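Written below as structure tokens is the structure these notes are about.
The values are calculated or read from the model by the stated rules, or taken from the named source; none is laboratory data. What you see is a predicted model; the values in this text were computed from it and never measured. Here the Cβ positions follow ideal geometry from the backbone for every residue, glycine too, while neighbour counts run over all protein chains shown. Surface areas here come from the heavy atoms of the whole protein model, side chains and all, with no ligands, DNA or RNA. Shrake-Rupley method; radii C 1.70, N 1.55, O 1.52, S 1.80 Å.
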Amino acid sequence: MENQTDLGFRNSETNESKPVTSPISQDNLVSKVNALTFNSLSNSSLNPKNLVFNNEKSPILNYKFVVDELVKVVNIDNINDYYNKIYSIISQNIDSSFMAIGLYKEQSNCINLKLQDKLGNFYSSKIFLKDEDNPIVQVFQTQTMQFADKKDYLRLSYYTNYSTAIVPLMSLNKCIGVFIIEDENARQNAILYSLLANHIALVTHNFDLLERSDSYTNTDALTLLYNHRGFQELLENEIQRAQTNKQQMSVIMMDINNITKINRELGHAKGDEVIKLVAEKVRQNVREGDIAARYGGDEIAVILPNTSSDQAKYVAEYLTYSLSCCFIDEIGPIKVSVGVATYPDCGEDKERLLILAEQAMYISQAKGYKDGMSAIISSSDFNFWDDVALKSYAEVITKRHSQLGINFEDELISQFHTEYNMKGSKIWEIATSLAGAIDAKDPYTKGHSTSVSKFSEALARAINLPEKEVDRITLGALLHDVGKIGIPEVVLKKEGPLSDEEWQIMKQHPVIGVDKVLQPNPSLRDLIPIVRHHHERIDGKGYPDNLTGENIPLAAKIVAIADTYHALISDRPYRKGMNIEKAISILEEGAGSQWDADLVRTFIQIAPSLSV
């Protein structure tokens, strides 16, 4: 592989004096990739000249079709569009369930994996290099293609049982990541996958060159502060210095209130005037050694070396006071929302620090607008599971998802697992917040988990279960759909019936809930039978385990009835909620086959008294 890569880049080095103007429009790109892939092949049967071509979809990739399509890949100015095109080329030729690109991030020593499946869904995961048993890590380190059959190495809940080829992405004699493709005949298509991997590596490398060539300066033209790129570099340096010197270091994140409204109503020139004034005042009033930067369109960030959280809040108070003394015609005093995060108290990773600073800033924004004044919030000032904090966290993660390859649900589960020995009101507070976050993925299911919990509690009490068991059922019902945190929104929010493939994905949510949320947390393991089996049926036609009759736990039977009843009386994108009489009649029809007959009779008696 190293020799092949050397050959390809010797060809490119002869043109190194030419400016990079497009990542993929070089005339000889495909021939370079061919040289990379086939130059050292000794087996003539694998040479493209000896391959048999056909125009029908088959298990074997058609070399001529692939190369012809690669030649057509021009004028794409977005790396993700390019990756989509590569998968389209493959999926037109063979039946492949998914493709993934993993790029190495040196700072976090991990491979950021982004996967696209044939339904158009996108997933992300992080593979850390310390996980040496993972074939992705092995391919990256050995720079050698591997084939993985039915291995749970992708760290994604519903892609664990597929045959894949994992191919290193080589650029300038260095592995920059991996290319993964699902294919039952991966070994037979190995040569073409090597070609595609080399093409992907070349284009990815060229996109990176373009991005670097566009960054000639670290200074923002409007404010003359450091720009976003310069800020990121300086923050990384300051974190390293703080780590070496065993010091604290803080970040202040400020958002200029109402800038969007100012731009819309008074024009962008007025908005720029406000941003410039804020930048000037910040520059004038920060301490010597502090570093100010324009972090985003209307966001100013300040790095404060050797500064505690309390000291940073004091500086922030002085800055906000200085800004409030500035009056602008047609606008009045300048107000900002301010968030503070401190190393190492809040986080030791740069991205974690920035996420928490932005989260605190959004909370400040919510409190500021509510109270009519600027609020200075530190990331150590709030409870993560508070409603405002959760909403703010979701905003930040959603905003930064494309940059970091992370999503709100994964971060929520990660935070959930840091809560050990949850008991009493604490477990209820966190479970309620987690259930609310899941329901919020679909506006039509908002409040669903809470209602199912109330209905389950009522039914459990109606059959005189012990108080401790009633509490367990009530909590289990609250978390019965926790596995939907791993189901794509395109499936959850689909208007109309699900396809067979989409339904198979949806049916995995009980198992996902157990594996991702309940099993890792000792405080919640007694809820596993409820969450796993609340979609089983008395006649054995349920899922995931096709249990029958008495084999289904009583608690799961109770939640199944409560879940169905609330779904029937609730509005959905494709229908209005049913009246109580109609919902009860459906329960009666399924009594003895879908639901426990005795429990249905009891529930029907109490249903009219239940309120949503």
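Once you reduce segment 449-491 and segment 317-340 to the center of their Cα atoms, the two points are 47 Å from each other.
Heavy atoms of the protein chains alone define the surface here; on that basis segment 110-183 has 41 Å² accessible area per residue at 1.4 Å probe size.
Surface exposure of segment 481-532, expressed per residue as accessible area with a 1.4 Å probe, stands at 43 Å².
Only protein heavy atoms count here; under a 1.4 Å probe, LYS493 has an accessible surface of about 90 Å². Of the residues ASP290, ASP571, ranked by 1.4 Å probe accessible area with the largest first, the sequence reads ASP571, ASP290. Legend: distances between Cα atoms for LYS454/LYS582; LYS114/LYS494; LYS72/LYS126; LYS281/LYS313; pairs beyond 27 Å are LYS72/LYS126.
Ranked from largest to smallest solvent-accessible area, with a 1.4 Å probe on the protein heavy atoms, LEU202, LEU234 come out as LEU234, LEU202.
A cut-off of 5 Å between modelled amide H atoms, ignoring neighbours fewer than 5 places along the same chain, links ASN306 with SER250. Karplus-based coupling profile of segment 173-178, in residue order and whole Hz: 6, 10, 7, 9, x, 9, with θ = phi - 60° in 6.51 cos²θ - 1.76 cosθ + 1.60 and x standing for Gly or Pro.
The figure for HIS228 is an accessible area of roughly 60 square angstrom, using a 1.4 Å probe on the protein chains alone.
So, with a 1.4 angstrom probe, what is the percent of accessible area on segment 456-572 that is carbon and sulfur? Carbon plus sulfur share of accessible area: 49 percent. Under the combined filter of DSSP loop state and at most 13 neighbouring Cβ atoms within 10 Å, segment 170-216 retains these chymotrypsin sites (Phe, Trp or Tyr not before Pro): TYR216.
Sequentially through segment 74-84, phi angles give Karplus couplings (6.51, -1.76, 1.60; θ = phi - 60°) of 9, 6, 9, 10, 10, 4, 5, 4, 5, 4, 4 Hz, Gly and Pro residues having no value and appearing as x. Rolling a 1.4 Å probe over the protein heavy atoms leaves THR204 with an accessible area of roughly 20 Å². Sorted largest first by accessible area at a 1.4 angstrom probe radius, with every protein chain in place, the residues ARG155, ARG572 fall in the order ARG155, ARG572. Loop-located trypsin sites (Lys or Arg not before Pro) across segment 279-320 with a Cβ neighbour count of 15 or fewer within 10 Å are ARG287, with loop assigned by DSSP.
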